[in-house]
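Participant: Have a look at this one.
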Amino acid sequence: MTTALITGSTAGIGAAFARRLAAQGHNLVLVARDTKRLGEQATELHDRHGIEADVLVADLSTEAGITAVEQRLGDRTHPVDLLVNNAGFGNKGRYLEVSMADELTMLKVHIEAVLRLTSAATESMRSRGRGGVINVASVAAFVPRGTYGASKAWVVQFTQGAARDLSGSGVRLMALCPGFVRTEFHQRAGMGTDNIPGWMWLDADKLVATALADLARGKTVSIPDPRYKALMGVVKLTPRGLLGGMSSRTGRKYGPQ
Ligand SMILES: NC(=O)c1ccc[n+]([C@@H]2O[C@H](COP(=O)([O-])OP(=O)(O)OC[C@H]3O[C@@H](n4cnc5c(N)ncnc54)[C@H](OP(=O)(O)O)[C@@H]3O)[C@@H](O)[C@H]2O)c1
């Protein structure tokens, strides 16, 4: 039996990864901040699928939280075969409307935690000659979309580079770049969603199924939907100035809904 560790497992995309991997018979290590929610999730997945689901309470915006997960990933007596770096969030407001403390918290979760956890996991995986890492980025990585998009662009670049460096080692790395997914993300970020057209919304369970298939196929970047693949094709051909205007109008209406 293999073990997968998922950060941000209790809601949205992370919860969809947990459901699918449990249904496939993988043991899980579930990571988030909400102890009660983690416990309920572990019990439900264990009871439904007969897998072992361990809980690791960790705030990935803190040194202690990152260290705790690093240590679990480095535990070679209980190896982790698949790491899903999924925990993430959006700040409420545009550039200069957000406090520097909140900007740095985002970089800690989206960049420092992803770098350190990927490194802890892949070091151990490389010595075993197998394993996988999925780093959840966003299509926002490909358009000028504030500090959130910039942090996700780092995730894509880092993952592609690390995948190249580890090619031939048996360890696969993939950046997952979803479009809009109905989760708790937008509400937590105080982000209005009224102006996002219905066709742009993705289903978290379908997204995860495609992501896992893409990892198995050896992709290093996954845009897990044909609509967004087409859109990103157009983005590549569109002048950056025009893109900035388009992306800042889509899903960036902040404040009470
Ligand atoms: N939803 C979208 O439209 C969308 C699109 C593209 C990319 N993404 C990316 O997908 C990932 C998952 O987002 P989602 O939409 O599923 O969001 P979500 O529904 O809000 O879930 C976020 C998860 O992350 C955990 N989390 C948040 N901050 C954390 C921290 N500091 N330490 C540990 N865990 C933390 C939350 O649990 P606790 O609060 O208990 O810690 C929760 O389990 C994020 O990286 C996001 O940037 C989302």
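Readers should treat all values here as calculations from the given coordinates under stated rules, not as data from a laboratory. Remember, it's a predicted structure, so these values are computed and weren't measured experimentally. Counting neighbours? That spans all protein chains shown, and the Cβs are built from the backbone with ideal geometry, glycine included.
Participant: In debye, nearest 20, what is the charge dipole magnitude of the stretch 1-47 about its Cα centre with +1 on Lys and Arg Cβ and -1 on Asp and Glu Cβ, if you could check?
Facilitator: Charge dipole of the stretch 1-47: 140 debye, to the nearest 20.
Participant: Something else now. Please work out the C-alpha center-to-center distance from the stretch 101-125 to the stretch 54-91 and express it in whole Å.
Facilitator: 9 Å
Participant: Under a cut-off of 25 Å between alpha-carbon atoms, report the lysines in cross-link reach of residue 229, not counting same-chain residues fewer than 8 places apart.
Facilitator: Counting by Cα, and skipping residues close in sequence, residue 229 has these lysines nearby: 152, 206, 219, 253.
Participant: Take every Cα pair under 8 Å in the chain that's 6+ residues apart, average their separations, divide by the length, and report that relative contact order as a whole percent.
Facilitator: Relative contact order for the chain comes out at 18 percent.
Participant: Determine, for 96, 5, the number of other Cβ atoms within 10 Å of each Cβ, and report the residues in order from fewest to most.
Facilitator: Ascending Cβ contact count within 10 Å gives the list 96, 5.
Participant: Among 28, 104, 115, which one shows the highest mean-square fluctuation when the chain is modelled as a Gaussian network with alpha-carbon springs under 10 Å?
Facilitator: Among 28, 104, 115, the largest GNM mean-square fluctuation belongs to 104.
Participant: Only loop residues by DSSP count here, and only those with at most 15 other Cβ atoms within 10 Å; note down the trypsin sites (Lys or Arg not before Pro) in the stretch 82-129 that meet that.
Facilitator: Sites meeting the loop and neighbour criteria: 92, 94.
Participant: Now, a different point. Which Cα, out of 150, 131, 241, lies furthest along the positive dipole direction of the stretch 109-254 (beta carbon charges, K/R +1, D/E -1)?
Facilitator: Working it through, the farthest residue towards the positive pole turns out to be 241.
Participant: Might you report the magnitude of the Cβ-based charge dipole of the stretch 38-84 about its Cα centre, with Lys and Arg at +1 and Asp and Glu at -1, to the nearest 20 debye?
Facilitator: The calculated dipole for the stretch 38-84 is roughly 120 debye.
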